[in-house]
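The values are calculated or read from the model by the stated rules, or taken from the named source; none is laboratory data. Only a predicted model underlies this, so the values are computations on that prediction, with no experimental measurement involved. Positions of Cβ are generated from backbone atoms using ideal geometry, with glycine treated the same way; all protein chains shown enter the neighbour counts. The area values use the complete protein model at the heavy-atom level, side chains included, leaving out ligands, DNA and RNA. Shrake-Rupley method; radii C 1.70, N 1.55, O 1.52, S 1.80 Å.
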Amino acid sequence: MAASNAAPFEQPASFAFDAESEAQIAMIVARYPEGKQASAVIPALYVVQKQMKRTTGSAWVPVKAMDAVGHRLSMAPIRVYEVATFYFMFNMRPVGTYHLQVCTTTPCWLRGSDQITEACRAATGIQGWGETSADGVFTMTEVECIGACVNAPVLQVDDDFYEDMDAEKVNQLLAALRRGERPPVGSMAGRQRAAPEGGPTTLTTLQFAPEA
Amino acid sequence: MPKLTIDGIEVEVANGSTVLQACEAAGIEVPRFCYHDRLSIAGNCRMCLVEIEKTPPKPISSCTYPAAEGMIVHTDTPMVRNGRRGVMEFLLINHPLDCPICDQGGECDLQDQAMGYGMDHSRYEENKRAVKDKNLGPLVKTVMTRCIHCTRCIRFIAEVAGVPDLGATSRGEHMEVGTYVEKALGSELSGNIIDLCPVGALTSKPYAFTARPWELSKVDSIDVFDAVGTNIRIDSRGPEVLRILPRINEDVNEEWLADKGRFALDGLKRRRLDKPWVKEGGKLVAATWAQAFAAIAGKLKALAGDRIGAIAGDLCDAESMTALRDLMVALGSANLDCRQDGARLDGSRRDFYSFNTSIAGIEEADAVLIIGANPRKEAPVLNARIRKTWVNAPIPIGVIGAETDLTYDVTHLGGSPAVLSALHDGSHPFAAVLRNAKKPMIIVGQAALARPDGSAILAAAWRLAAEIGALAADWHGFNVLHTAAARVGAMDLAFLPGAKGKNLDAMMGGGVDVLWLLGADEFDTSRIGANTFVIYQGHHGDAGARRADVILPGAAYTEKHGAYVNTEGRVQHGFRAIDPPGDAREDWRIIRAFSDQIGHKLPYDTIEAVRARMEQINPVFSRVGFLPRFGCTDLSGPAGDPAAISDAPIQPAVANYYQTDPISRSSVTMAACTEAASPTLVAAE
């Protein structure tokens, strides 16, 4: 992908599911009819990525892990590689402790995703997409629409959405992350979920007819 | 059977046909890249656009659109022309303009269709994408920047070859076709993806930058590297065979060719015997034909017929075996054998030693039992047919012998043929599977026959076939899978010990005084008696020539007209593409010339006359190319006591697929494949 010019890295020599992953995979596989285990490939890859995060601190999917998924689901390894490389949610190379995913699709872009990107760059020292900061704490990637356009612009950190971002909030967020804190997810502008900023703007005078 | 109208032509096509197939039936060309008759439908190149009335007003990809009753299709309207031009423009956005240095040039679908359906200029000024080339092993060269993502290679490797190594990774502009992790293709049919590739992304590595297609003269022939009898086309330029491609024959190879048949051809230029040699004082010295003949004639003069023997090799054409057999008979010898591996074949009836179901007939089978054969290594194209049958409907397939990956699911019944008795008495669960099948097949391989209890296994297999209903008036489910291209022809010509004749074993260790090896290299030549005078007639300096006292240089299969009988018993003719090197001659002519020297002049001077003689020996030789299907009415089996089977496990007949004969052993390409397939094995040697 875009990261082909990034630093070289080593693939682990082996991969085995730990007990927690095994339990999750067993649950996932059970959702599908016998002989259709291949349907479980995407959730299984998430399990891999989570396990890597737990065990190594970096959420990514090594080749050996894809082989293990293929073996577990009776798929040819290449079929797993195809799925894993297709979706940018799966990291095919090690990432930093925090994976900053900047949405740059039109709504976020119109609402200032360029500033988010710039703020991330300035705060982390990362130059291009897919790169990891020198201290190994942050990796920044560009993602397509992640479906939170109402609260654009959005910065996704690992699995958490931070919405209504601006440069200042990015700095605060990254500083908090560096301190090991996880600020509450959702809108950073204080609105409730996707409700209008500053409180309701419609149906404010709603009155019910008196009950007879 | 929907009827539809295409450009005003009415056609009726089979149910389930697509519009593209209907267009072909109407004789109308529809350009395509991803669609291929023998692969699943992908519908991703969008080149086959047509317009269909009463559908939404947009171009429709004909390869994915089912043909329906009353459909009116137009393939040459402004919308269609515009659509195809647009698709072509998109395809060419990232396709490099390197046709002058591309091996596909001149036989490139993209080139041809860009001329036929594309625009005359490009509007694209931006940079083209570049993709790293993949290393797919010693056979397939890749230039991945040229790839247009038709996915034919991916589908072939996964569906036909059954070795899912290739895939499309990443997406959008970053999509790449490859193995993702670096590995050589693990299929014996990998060369076919070169033919399938509509552009120059996959080309032949050994043939790279060798020739342009219009420089080559093309001759039809038959592949001799296995007993399938794959129909091939030999492309040569001047005195050199440059490449070999498959021809379409639905009954034999469809349109596939195994890698050995395609790539071993560089072995035709190495270690060749190009002049006669005579041993003088323990050392071979170059000689003339007259000297060589005189040396043999001198040796034969004082000998009784039963002290002379002949062994036919695995690559021989039927003509040369006919001539040698006639010569031996004229000399009074009955010591003939063609079974170098010692296979206990029974020549008394043709269906005891041929693949009676026929290769196309495999597709009708509903249960298969494979005894001592590894069709993937011994006959890759035939194995693809078994796999095709299995993919269409997963039939039960049982295997007796070594456990290997045959590219389909099998029930492994055991390594030893002793399990046949359990199948016979019904105590083995697979016996019921075979008995319940309507058209069961039994395939007996050479590994099961080339052992001391081979006759017993053959007889037991036949008895089992009779019991499970594999031998019926309209279905012959007993099959012998051969590994040698010459074997069935030799059996048909009765190139076997005659009355009181010696077989190969009896000829060893001084059993005969003069031994004529016709291209025979596949047995242990050190077993030949020290005082036996050995004549080696053949084309390669291999095991036979090393032991020889006189060497007669013959022609390889590309250098002679020849008849070959495949494992089914199908007689096919190959034609001469180039001349034999140096003083080498067509083999039957050598024997004919020699016969004149010793006063037993054989009665034929032309190949037509030899073939007339072959028909006289066995009428099957008059039926070229065509093989009628037949059942089995006479259930009496081949000689052998089915009870005399030993417990010894069956050893594979082919250890290394890539090197099985003098030509492939001389091939650099095949040596590279051997190393790629088993690096540890080579390192250990």
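Before moving on, here are some points about what is shown:
- Relative contact order [Cα under 8 Å, 6+ residues apart], segment A:51-94, whole percent: 41
- Amide H contacts for A:Phe161 (H built 1.01 Å from N in the peptide plane; partners 5 or more residues away or on another chain; cut-off under 5 Å): A:Gly186.
- Sequence-distant residues sharing a close amide H with B:Ile442 (under 5 Å, placed H): B:Leu369, B:Phe478, B:Asn479
- Heavy-atom surface analysis with a 1.4 Å probe gives segment B:414-511 a carbon and sulfur content of 55 percent of its accessible area.
- A 1.4 Å probe run over the protein chains yields, for segment B:250-351, 36 Å² of accessible area per residue, whole-number rounding.
- Checking the cross-link pairs B:Lys269/B:Lys502; A:Lys36/A:Lys64; B:Lys377/B:Lys502; B:Lys260/B:Lys439; B:Lys275/B:Lys500; B:Lys3/B:Lys58 against a 28 Å limit on the alpha carbon distance flags B:Lys269/B:Lys502; B:Lys377/B:Lys502; B:Lys260/B:Lys439; B:Lys275/B:Lys500 as lying beyond it.
- Global form of segment B:585-685, assessed from the alpha-carbon gyration tensor, a/c cut-off 1.5: oblate
- Accessible surface calculations at 1.4 Å, restricted to protein heavy atoms, place segment B:550-652 at 43 Å² per residue.
- Taking Cα atoms only, the orientation of helix B:78-93 departs from the longest principal axis of chain B by about 70 degrees.
- Taking all Cα pairs closer than 8 Å and separated by 6 or more residues, the relative contact order of segment A:1-82 comes to 29 percent.
- Cα-based shape type of chain A, given that a ≥ b ≥ c are square roots of the gyration tensor eigenvalues and the cut on a/c is 1.5: oblate
- Label-reachable residues, segment B:70-96, where backbone N falls under 12 Å from a point 7 Å from B:Ser122's Cα toward its Cβ: B:89-96
- Sorting B:His476, A:His71, B:His149 by solvent-accessible area of protein heavy atoms yields A:His71, B:His149, B:His476, largest first, with a 1.4 Å probe.
- Karplus-derived 3J(HN,Hα), 6.51/-1.76/1.60, for each residue of segment B:498-503, Hz, glycine and proline x: x, 4, 6, x, 9, 8
- Solvent-accessible area, 1.4 Å probe, carbon plus sulfur percent, for segment A:101-212: 53
- The accessible surface of segment B:235-374, taken with every protein chain in place and a 1.4 Å probe, is 51 percent carbon and sulfur.
- A:Asp166-B:Glu159 FRET efficiency (beta carbon distance; Förster radius 51 Å; 0.05 resolution): 0.45
- The modelled label-to-label distance between B:Asp596 and B:Arg546, using points 7 Å beyond Cα along the C-beta direction, is 3.6 nm.
- Net charge, B:Gly298 excluded, C-beta distance under 14 Å - Lys, Arg +1, Asp, Glu -1: 0
- Across segment A:126-140, coupling constants 3J(HN,Hα) worked out from phi with the 6.51/-1.76/1.60 Karplus curve, θ = phi - 60°, read 6, 8, x, 4, x, 8, 10, 5, 4, 7, x, 8, 10, 10, 10 Hz, and Gly and Pro carry x.
- Under 13 Å, Cβ to Cβ, from B:Pro31 - net charge with Lys/Arg +1 and Asp/Glu -1: 0
- Seen against the Cα atoms of chain B and their longest principal axis, helix B:289-301 is set at about 40 degrees.
- Trypsin sites (Lys or Arg not before Pro) lying in DSSP loop within segment B:399-505, provided at most 16 other Cβ fall within 10 Å: B:Lys438, B:Lys500
- Accessible area that becomes buried as A packs against B, both chains, 1.4 Å probe, Å², nearest 100: 1100
- Shown here for segment B:232-314: GluC sites (Glu not before Pro) in loop regions (DSSP other than H, G, I, E, B) with at most 10 other Cβ atoms within 10 Å, namely B:Glu250.
- Förster radius 51 Å - calculated FRET efficiency between B:Arg233 and B:Ala422, Cβ distance, rounded to 0.05: 0.65
- Integer Hz, Karplus 6.51/-1.76/1.60 couplings in order for segment B:591-597, x for Gly and Pro: 5, 4, 5, 5, 4, 5, 4
- Spin-label model, B:Gln651 to B:Ala286: label points 7 Å out along the Cα-to-beta-carbon direction sit 4.0 nm apart.
- Listed as lacking a disulfide-compatible partner in chain A: A:Cys120, A:Cys145, A:Cys149, by the criterion of no other cysteine Cβ under 4.7 Å.
- Each of B:Asp409 and A:Met27 was given a label point 7 Å from its Cα along the Cα-to-Cβ line. The distance between the two points is 2.9 nm.
- Among the chymotrypsin sites (Phe, Trp or Tyr not before Pro) within segment A:9-86, those in coil by DSSP and having at most 14 neighbouring Cβ atoms inside 10 Å are A:Phe9.
- Other residues lying with their Cβ under 15 Å from the Cβ of B:Ala543 contribute a combined charge of -3, Lys and Arg counting +1, Asp and Glu -1.
- Computed lengthening from B:Glu12 to B:Ala644, 0.36 nm per intervening residue step minus Cα-Cα distance: 221.7 nm
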